[in-house]
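The values are calculated or read from the model by the stated rules, or taken from the named source; none is laboratory data. Treat the numbers as computed from the prediction; the structure is a model and nothing was measured. Cβ coordinates were reconstructed from backbone atoms using ideal geometry, including for glycine residues, and neighbour counts include every protein chain displayed. Remember, those area values only see protein heavy atoms, side chains included, never the ligands or the DNA or RNA. Shrake-Rupley method; radii C 1.70, N 1.55, O 1.52, S 1.80 Å.
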Amino acid sequence: MRQTAGQKLGSLLLPLYLLAVLAGMAAGAGAGAVLSAVSAIQRAIQPELFAGWGPGGIGIMPVLIGLPVGAGMALAPATGAIAGLFVQAWNTPFPSLKSQARAAAWGAGSASVLLAGATLFLTGADPVATLAAGAAYAFVSFLLASAISYRLLRYRESRESAAPGE
């Protein structure tokens, strides 16, 4: 008997969260590397205006800080992706892989927008900069959730179809 999508989703929680945290760590390290590169360029062009950390500049510190920050920031979109999958499974008993990936992507993007809005509201930072960073965060979360969930669901489907005796 074929299971509904909601019955299958329980086994996706741990792998989806783990893959999301790994993707968040990679994105955080990448953002830290960009900050390090910009800082190195600033130091080369205008050493008198250089705003590095410590006597030798910031070096690898943004990359090291980006790892746990990215991992933590990946939890909200991962939760949104899971919520999107469960909502779709509740509405549609046998969705396709693409529609499930789309639901996960919209859930992750929505959760990212909520987190960015909460950050803007709670910090009172510059609205334009916060909204630009929030839009980039939501867009990257949308794309990563779509790719991760599609590959994970496709892997799970191919594994289930190869299982003998069912």
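Return the total of residues in region 19-38 being open to solvent by less than 20 Å² (accessible area, probe 1.4 Å) and without any contact (Cβ under 8 Å) to a residue 24 or more places away in the chain.
0
Out of curiosity, is Ala101 over 13 Å from Ser149 (Cα atoms), small (Gly, Ala, Ser) and part of a helix (DSSP H, G or I)?
no
Tell me the residue from Ile41, Ile45, Ile65, Ile60 that is open to solvent by 40 Å² or more (accessible area, probe 1.4 Å), under 18 Å from Val21 (Cβ atoms) and modelled with pLDDT under 90, please.
After applying the criteria, what remains is Ile65.
Please specify each residue of region 70-117 satisfying the condition of being over 17 Å from the mean Cα position of the chain (by Cα) and free of Cβ contacts under 8 Å to residues at least 24 places away in the same chain.
Val87, Asn91, Ser96, Ser99
Please find, among Phe139, Phe94, Phe121, the residue that is farther than 22 Å from Ala23 by Cβ, open to solvent by 40 Å² or more (accessible area, probe 1.4 Å) and part of a helix (DSSP H, G or I).
Answer to the selection: Phe121.
Can you say whether Val113 is modelled with pLDDT of 85 or more, in a helix (DSSP H, G or I), surrounded by 13 or more Cβ atoms within 10 Å (Cβ to Cβ) and of a type in the set (Val, Ile, Thr), as far as the supplied structure shows?
Answer is yes for this residue.
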